[in-house]
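A.B. asks: Quick one: this structure, given as structure tokens, is what I'll be asking you about.
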Amino acid sequence: MIWRYRLILILLMLAFAAILLRLFYWQVVRSSDLSLLGQTQYERSLQITPERGDIKTSDNFPVVTNKISYLAFVNPKQIKDKKKTSIFLSSKLGVKEALVSSQLSLDKFWVPLKTGLSVKEKEEIENLNVPGVGLEETYTRFYPEASLSAHLLGFVGKDDLGKDKGYFGLEGYYDRLLRGKESIRTQIFDALGRPILQETSSNIKNSKGNSLLLNIDRTVQFIVERHLKEGVEKYNASEGMVGVMDPKTGNILALASFPSFSPSNYRQYNEDLYKNPFISNLYEPGSTFKPLIMSAALDGGVVAPQTKCNICDKPVSIGGYELHTWNDKYYKNTNMVEVIQHSDNIGMVFVGQRLGIDKMLSYLGKFGIGSLTGIDLQGEVSQSVPQKNVWYAVDIATRAFGQGISITPIELLVAFSSIANKGTRMEPHVVNSVETQDGQILKIAPRESGRVISEKTAKVMTEILVNAVNKGEAAWVRLKGYRIAGKTGTASIPIKGHYDPEKTVASFIGFAPADNPKFVMLVIFDKPTTSIYGSETAAPVFFKIAKEILLYYGIPPAGE
Amino acid sequence: MKKPIFILTIMVVTIIALSAVRVVISNSISTSGIALDKIDQALSFYKTQNIILRERLLSITSLEHISSRASEMGFVESKSSISLNKPLPLAIKQ
């Protein structure tokens, strides 16, 4: 009998062991799979696409925000007569019939038909009651000021995964801050599929991106864009651009280029237009570069304002090249004040030779020439200044009057601002502060890039530039009653190893009021045809804009 | 012997009553999902309306719009400005 008891006991133990093993398999080995299976029966996860942050000008006006638009989609499996539906939907949605037909022929449950539908269009589609057609609410970028400051803002396109991504300008540079974090919201349902009351995920409130508050003054930007567009059309230039900066803080007050594009319909424009030429285009600055070299020479003590130029009475020959003045007029024993006033190339050759390569390179480095300015926009480029061992004798002469050296307009604007800011260079900034969704304001403080020239030199150079405005080539358009420091520029364009005599880059750079500058402005016209000179194209536009900005800031004339 | 029966009866009744209350409350809360759904829909509707109204407001307060409306209404740009840059003399010596 004992062996029977023992056999039953062993059988029972084996049965328990089998049950234990099976339980171990379901509860340990397959626990995560079963848990997931259970969750799918009563939980649904919704991906919350974050609303992109706003971009606001200094008056807190959102120049970029979001608007609701709708995505029309279809379930091809619910469409019975695909050909008839294709014709009907293409006419109602304004999409090509072939595209709708190809989408309906796919073996999928969900295919998109058209994005960016307005509320009115959405209601029209809903009223059609086409089975299988649905609408999904999405956010798209909205630009209340239309294409104002398009180059500065950039645009929002799609990445490889079809998600929103910022390209160019601020949208590109601050993409991660603006787009926010994606979050998941979980909703529990009962057996009949009805939602059950429960606490939502805690991270949903942080699903909106951060907003940017800019230094850009909307009124100044509007004034600049209006005059720039008029200027490009009037002087029949291929391109025009204007940058306005506060020299004391480095705040960018306005930045505009024309021709431009519409950020909401960027696909309709040539891709070449997406780049902001003010930070991405290299050009030879010509005479607007002379104040930098003259400041360096004055600060280095190699010339004084009253130093006489003893080679200025005729063209000079250097390294097999004969160098002339822009108008072939020569002034014997001219001084440094007059060299800038007449925009005398030979006078600048004299200054360059006095300065020498080492000092010139050192000062160009201090002015930030040849390096990125650090502006908070996507797409900035710079070209290094050639090293000392590759400089020929003629290079020091031509670079002294702004030819044979390539820079971006932002480099020149920032370098020139050092003169207006008592010799200290500031880092340019478009964004003033970042506003988080918790309401925190993270301020971006002005940053000094370093001292370039002494305060005394800056003051002397300012007087030389005021004299250039009052007595130089652009004196005919100057603003009477205001002390404005500035310089014209007419740069030749290098084409295949030589300079084209008919095509120029006309520009004007200056700051006002000269004694307590509120802004520094650079105006550039590329290849103007009605006149090739900066004094006849860029200078009038500069003074028109300056007049309106001075009135806007409430700065009265204070005598010359 | 009567007391323990009475106490036990009260305990059993209490347990049954509490269980019943729990069932009722659970049932009523679990079906609040319908109300929640309605609230969600209303919230979404008002949010949408707010965004649409904000869009209209921003469009009509933009400088582009104001500028074009002003020119349509006949406003012209002021070309001159008046400023008093020197103080007028209080008395002039004859």
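Computed from the coordinates by the stated procedures, all read-outs in this text should not be read as laboratory data. Small disclaimer: the values here were computed from a predicted structure and weren't measured. Every residue, glycine among them, receives a Cβ derived from its backbone with ideal geometry; neighbour counts consider all protein chains shown.
A.B. asks: Other chains' Cβ within 10 Å of A:140-146 residues: what's the mean?
C.D. replies: Per residue, the number of nearby Cβ atoms from other chains is 5 on average.
A.B. asks: In which sequence would A:Val466, B:Val21 go, from the one with the fewest C-beta neighbours within 10 Å to the one with the most?
C.D. replies: Fewest to most other Cβ atoms nearby, the residues stand as B:Val21, A:Val466.
A.B. asks: Do you know the relative contact order of chain A, to the nearest whole percent, from alpha carbon pairs under 8 angstrom that are 6+ apart?
C.D. replies: Normalised by residue count, the contact order of chain A is 14 percent.
A.B. asks: Quick one: if the Förster radius is 60 Å, what FRET efficiency do B:Ala91 and B:Ile34 give, using the C-beta to C-beta distance and rounding to 0.05?
C.D. replies: 0.10
A.B. asks: Convert each backbone phi in the stretch A:511-519 into a coupling constant with the Karplus relation 6.51 cos²θ - 1.76 cosθ + 1.60 (shift: θ = phi - 60°), then list the ³J(HN,Hα) values in order as whole Hz, x for Gly and Pro.
C.D. replies: 9, 8, x, 4, 7, 8, x, 9, 7
A.B. asks: I've got another one for you. Given H placed 1.01 Å from N in the peptide plane, which residues other than close sequence neighbours of A:Gln378 have an amide H under 5 Å from its amide H?
C.D. replies: Close amide H contacts, sequence-distant or interchain: A:Gly169, A:Leu170, A:Gly172, A:Tyr173.
A.B. asks: Within chain A, what percent of beta bridges assigned by DSSP are antiparallel, to the nearest 5?
C.D. replies: Taking every DSSP beta bridge with both residues in chain A, the antiparallel ones total about 95 percent.
A.B. asks: Please work out the FRET efficiency for the pair A:Leu273 and A:Lys329, using the Cβ-Cβ distance as r and a Förster radius of 41 Å; give the result to the nearest 0.05.
C.D. replies: The calculated FRET efficiency here is 0.55.
A.B. asks: OK, next. Rounded to the nearest 500 deg cm²/dmol, what is the calculated helix-only ellipticity per residue at 222 nm for chain A, with -39500 (n - 2.57) per DSSP H run of length n ≥ 4?
C.D. replies: Calculated mean residue ellipticity at 222 nm is -10500 deg cm²/dmol.
A.B. asks: Within 10 Å of each Cβ in peptide A:64-71, how many partner chain Cβ atoms are there on average? Round it to a whole number, please.
C.D. replies: What the average comes to for A:64-71 is 3.
A.B. asks: If packing is taken as the mean number of other Cβ atoms within 10 Å per residue, what is the order of A:13-26, A:386-399, highest first?
C.D. replies: Top of the packing list down: A:386-399, A:13-26.
A.B. asks: Specify the inter-centroid distance of the stretch A:360-426 and the stretch A:286-305, based on alpha-carbon positions, in whole Å.
C.D. replies: Value for the Cα centre distance between the two parts: 13 Å.
A.B. asks: Separation between the A:Leu106 and A:Thr436 pseudo-spin-labels, each 7 Å from Cα along Cα→Cβ, expressed in nm?
C.D. replies: Rounded to a tenth, the inter-label distance reads 3.9 nm.
A.B. asks: May I pose another question? Taking amide hydrogens as modeled 1.01 Å from N in the peptide plane, which residues meet the under 5 Å criterion relative to A:Lys56, leaving out close sequence neighbours?
C.D. replies: When sequence neighbours closer than 5 places are left aside, the close amide H contacts are A:Val63, A:Leu212, A:Leu213, A:Leu214.
A.B. asks: Also, quick follow-up: If R0 is 35 Å, what FRET efficiency do you get for A:Ser91 and B:Arg54 from their C-beta distance, rounded to 0.05?
C.D. replies: 0.60
A.B. asks: Right, another one. Would you mind calculating the gained length between B:Ala70 and B:Phe6 on full extension (0.36 nm times residue separation, minus the Cα-Cα distance), in nm to one decimal?
C.D. replies: The span from B:Ala70 to B:Phe6 would gain 14.0 nm if fully extended.
A.B. asks: Between A:Val394 and A:Asn75, what length in nm is gained on full extension when 0.36 nm per residue of separation is reduced by their alpha carbon distance?
C.D. replies: Extra length from A:Val394 to A:Asn75 when fully extended: 107.7 nm.
A.B. asks: Shifting gears a bit: First check a/c for the stretch A:1-135, with a ≥ b ≥ c the square roots of the eigenvalues of its C-alpha gyration tensor; if it is under 1.5, answer rounded, and if not, answer prolate when a/b is larger than b/c or oblate otherwise.
C.D. replies: Oblate, because a/c is 1.5 or more while a/b does not exceed b/c.
A.B. asks: Here is a further query. Residues in the stretch A:13-28 near a label at A:Leu37, defined as backbone nitrogen under 19 Å from the 7 Å Cα→Cβ point?
C.D. replies: A:19-28
A.B. asks: Among the helices of chain A (complete DSSP H runs), which have Cα atoms covering no less than 27 Å along the helix axis and a Kyte-Doolittle mean of at least 1.6?
C.D. replies: Passing helices, by number: A:2-24.
A.B. asks: Going by how many other Cβ atoms sit within 10 Å of their own, how do A:Glu380, A:Glu43 line up, fewest first?
C.D. replies: The order, fewest Cβ neighbours first, is A:Glu43, A:Glu380.
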